[in-house]
1. Filter segment 355-369 for residues that are within 27 Å of Tyr402 (Cβ to Cβ) and more than 16 Å from the ligand (Cβ to nearest atom) and give the result.
2. For the condition more than 16 Å from the ligand (Cβ to nearest atom) and in contact with a strand residue (DSSP E or B) (Cβ under 6 Å, 6 or more places away or on another chain), what is the one hit in Leu131, Leu107, Leu127?
3. Can you give me the number of residues within segment 149-190 that are in a loop (DSSP other than H, G, I, E, B), among the acidic types (Asp, Glu) and either within 16 Å of the ligand (Cβ to nearest atom) or under 29 Å from Thr441 (Cα atoms) (or both)?
4. Tell me, which residue of segment 440-467 that is closer than 23 Å to Glu425 by Cβ and more than 11 Å from the ligand (Cβ to nearest atom) is nearest to the chain's Cα centre (by Cα)?
5. Within segment 356-368, can one find any residue that is closer than 24 Å to Val221 by Cβ and out of contact with any Pro (no Cβ under 6 Å at 6 or more places or on another chain)?
6. For the structure I just gave you, tell me whether Tyr418 is over 21 Å from Ile271 (Cα atoms), assigned to a loop (DSSP other than H, G, I, E, B), within 16 Å of the ligand (Cβ to nearest atom) and in contact with a strand residue (DSSP E or B) (Cβ under 9 Å, 6 or more places away or on another chain).
7. Residues of segment 110-138 being open to solvent by less than 10 Å² (accessible area, probe 1.4 Å) and under 18 Å from Tyr80 (Cα atoms), which ones?
8. Just give me the residues in segment 270-319 being open to solvent by 70 Å² or more (accessible area, probe 1.4 Å) and touching a residue at least 24 places away in the same chain (Cβ under 8 Å), in sequence order.
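The values are calculated or read from the model by the stated rules, or taken from the named source; none is laboratory data. Just so it is clear, the structure is predicted and the values come from calculations on it, not from any experiment. Here the Cβ is made from the backbone with ideal geometry for all residues, glycine too, and neighbour counts use every protein chain on show. Surface areas here come from the heavy atoms of the whole protein model, side chains and all, with no ligands, DNA or RNA. Shrake-Rupley method; radii C 1.70, N 1.55, O 1.52, S 1.80 Å.
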Amino acid sequence: MRLFIFALCAIFARTVTAAAKDTGYAFPENFKFGVATASYQIEGAWNEHGKGPNVWDTLTHRIPPFTDDASTGDIACDAYHKTVQDVQILKSMGVNFYRFSLSWSRLLPRGFSNYVNPEGVQYYNDLINELLANDITPIVTIFHWDTPQNLEELGGWPNPKMADFFVDYARVVFDAFGDRVKEWLTFNEPNQICQQGYATGGMAPAHNTKEMGGYWCTHTVLIAHGRAYRMYQEEFKSKQGGRVGITIDNQWNEPLTNSTEDKEAAERANIMNFGWYANAIFSKNGDYPSILRERVDQFSEEEGFTRSRLPYFTQEEIEMIRGSHDFFGLNHYTSRVVTNDDGDQGRPSHEHDVGTRGEIDPKWEPSAADWLYVVPWGLRKTLEWIKENYDNPEVIITENGYADKHDAPLRDCERVKYYNLYLEEVLKAIHESNCNVTAYTAWSFMDNFEWQRGYTQRYGLYHVDFEDPERPRTPKMSAHVFANIIKTKRIDWDFTPKEFEKCEWVQIEVKSEL
Ligand code: BGC
């Protein structure tokens, strides 16, 4: 009987799918698809072949444990030992590019460029060469949160000297890999590096300097980005011909109601959270958004500080940072509905400076991550906002993805649904709003170390068995679907809300070579 129902469901699902509506849009011929990872989240080999410790090594080795499951990234996906195998998997998915990050302390064990670890260079050379031999373009993030511990001892990102150390590091990597790597991202998500790292304590190095940590850190990161970009132009661009961008994340802020107050609050949240990082680089005038400058200056004075908690750029720095991009790297996962909130709780802090409160619409579907709700149109609105505010720059979506629990099934229908719905919004942004989006990256290639959540949440298209010393990778349903989207440049898997709800369509037999 059960078999019969299964067969019936399969027929039903096939029939309905064939009849399902199609937006009619396809991704442009030259649109590129890829998947992403980050060094600390996948590599493991935390102390092998001369690698120095970074802030995540330190934090995860601390007692009591920092992560929910007391785990570390000591082994993670063991990607350090699986270069050939992983590239073969990427090839079988048909990705155009692979976005990964470099471990600073694997290359420069103490953070400084006076000693470059040859085995670290060898590892990334092997990976880059293997990718290119398989026709996969490397997109390299220079820094994805794993600050060398030695540099953290000197104060980490709130220390302006970090910009010097970062530029030295960037020069080493352009020099070592730039003959083959043509797409660079300086930083992944300054927001998380700075707010979580130095203001709220959710990420390494887990400092809680909420009045100023985030502002000082961001100031250094923006200067470091601008200087690294200029250095590439002066020293490498003519011989290497690559492109340099930065990845900024945005949680879209939608007004809670139609009231003017809520509309202003939502716009203020977009400007003061997203624009805080993007304005200096992408806006015509450069510098921090004026509303951020005015509010933080005013609140700092009221709070009795002798100077603004938001540092000032010199005119020279404003010009150096303005326009320091060849494309906009966007990470986007979710949204909030926003209302005004000028209560004094938590003052002084960036949250109070912004003066808004973000809420979850009860209609939104949750994921396994408490912050990640499924709100596909938020991605389109973010893309339109970038177009309006920053003169329609080329956007590479460098991350987008869905979290499920550690015991989630391989038939990960919720993830498939998420990708279908969000990619449909990307199609609309391209075809209806003329947003200049040229590439899309799924987060993540495989399940990995999810920072404070350890291995309790999964984001991968590939399942990784963390109990098995071999860390086997197995394609999930979403890997098959994503491979199909890459191949056809269309979202063929179009389901009605009812089918989504029941997940009936997972009965469909997947014909894929993975
Ligand atoms: C980060 C990833 C992280 C993902 C899911 C992004 O903000 O870049 O490293 O795993 O979100 O939390």
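1. At the first step, the residues of segment 355-369 found to be within 27 Å of Tyr402 (Cβ to Cβ) are 356-369.
Passing the criteria: Thr356, Arg357, Gly358, Glu359, Ile360, Asp361, Pro362, Lys363, Trp364, Glu365.
2. Details: Leu107 fails: in contact with a strand residue (DSSP E or B) (Cβ under 6 Å, 6 or more places away or on another chain); Leu127 fails: in contact with a strand residue (DSSP E or B) (Cβ under 6 Å, 6 or more places away or on another chain).
Just a single option satisfies the conditions, and that option is Leu131.
3. Pass one, segment 149-190, residues in a loop (DSSP other than H, G, I, E, B): 153-161, 178-182, 189.
Filter again for among the acidic types (Asp, Glu), leaving 153, 179, 189.
Narrowing further to those that are either within 16 Å of the ligand (Cβ to nearest atom) or under 29 Å from Thr441 (Cα atoms) (or both): 179, 189.
So the count comes out to 2.
4. The selected residue is Ala442.
5. Here is the first cut: in segment 356-368, the ones closer than 24 Å to Val221 by Cβ are 356, 358.
With the extra rule that they be out of contact with any Pro (no Cβ under 6 Å at 6 or more places or on another chain), the set shrinks to 356, 358.
Looking through segment 356-368, at least one residue is closer than 24 Å to Val221 by Cβ and out of contact with any Pro (no Cβ under 6 Å at 6 or more places or on another chain).
6. Numbers: over 21 Å from Ile271 (Cα atoms): yes; assigned to a loop (DSSP other than H, G, I, E, B): no; within 16 Å of the ligand (Cβ to nearest atom): yes; in contact with a strand residue (DSSP E or B) (Cβ under 9 Å, 6 or more places away or on another chain): yes.
The answer is no for Tyr418.
7. We begin by selecting, within segment 110-138, every residue open to solvent by less than 10 Å² (accessible area, probe 1.4 Å); these are 111, 117, 120, 124, 128, 131, 136, 138.
Correct list: Asn117, Gly120, Tyr124, Ile128, Leu131, Pro138.
8. Narrowing segment 270-319 to residues open to solvent by 70 Å² or more (accessible area, probe 1.4 Å): 284-285, 290, 294, 298, 301-302, 306-307, 312, 314-316, 319.
Of everything in segment 270-319, those that are open to solvent by 70 Å² or more (accessible area, probe 1.4 Å) and touching a residue at least 24 places away in the same chain (Cβ under 8 Å) turn out to be Lys284, Asn285, Glu319.
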